[in-house]
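J.: Can you keep this structure in mind? I'll have questions shortly.
Values quoted throughout were computed directly from the atomic coordinates according to the rules given, and no laboratory measurement underlies them. Just so it is clear, the structure is predicted and the values come from calculations on it, not from any experiment. Quick reminder, even Gly has a Cβ in these numbers, built from the backbone with ideal geometry, and neighbours come from all protein chains shown.
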Amino acid sequence: MKSCSQPLPALAEAGLPSLAVERAGGEGERVGERGASAIASAEQDAAGAGREGGSMTTTPVRQTVTVTVNGQEYTREVPTYRTLVDFIRYDLGLTGTKEACSVGVCGACTIELDGRIAASCITLAVRADGANITTIEGVADGDTLHPVQEAFINHGGFQCGACTPGQIMAAKALLEHNSSPTEAEIKEWMMGNLCRCTGYYQIIESIQAAAEAK
Ligand code: FES
Ligand code: FES
């Protein structure tokens, strides 16, 4: 993944800053970029040089993005303010990834981006150009579910399911880094994934079961 400290090419051309934050839940394993809406509005300001007589013309800067998602390569031209979650859901049609808070807090939109989990609602699609992405659709091996998916089913780790793809992506990343986490380690790692149905006990139980099954 490109460094978060580098400004976007289009924004740099416009003399605009790139806003980014890195969220640690483990040494830099959770990554996100903040300010898509701020950037979008800044870009609109920059593009809005055509404001005359009360009318405003805004031409979004577009950029070609090529990514590999779940082993398949996709190329799309998108506005530079397109968030990665919108890109995945609406441009690629992979609707397993959910969006809830849209501000990088709830973890519903968690995906794996070049080996690290990331909040796709606060990551710009153009930042993912050239990246290797795994979404919830790519977690199972054909018809064989991932052990974390099996455990969530067997231990009731979901209710409405809105948070579940993000929970599973985060739990999978945890077990790849720590194959037998303690309950405290699970709670700490999963802090960035909220469940509005509040089924936290079953989520922890599911992750413990998946760890034991591996
Ligand atoms: S929707 Fe992305 S963190 Fe909540
Ligand atoms: S299962 Fe409903 S929000 Fe978590």
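J.: Could you please report the charge total around THR95, scoring K, R as +1 and D, E as -1 over all other residues with beta-carbon less than 12 angstrom from its beta-carbon? Let's see the in-between values first.
T.: Details: positive: ARG89, LYS98; negative: ASP86, ASP91, GLU99, GLU137.
Overall, the nearby charge balance is -2.
J.: Are there any trypsin sites (Lys or Arg not before Pro) in region 141-213 that are in a DSSP loop and have at most 13 other Cβ atoms within 10 Å? List them by number.
T.: ARG196
J.: In debye, nearest 20, what is the charge dipole magnitude of region 137-202 about its Cα centre with +1 on Lys and Arg Cβ and -1 on Asp and Glu Cβ, if you could check? Let's see the in-between values first.
T.: Numbers: 3 positive and 8 negative charges, 59 e Å.
Its charge dipole is roughly 280 debye.
J.: Could you work out the relative contact order of region 147-213? I mean the mean sequence separation of Cα pairs under 8 Å and 6+ apart, divided by the number of residues, in percent.
T.: Working: 70 pairs, mean separation 36.3, N = 67.
Over region 147-213, the number comes to 54 percent.
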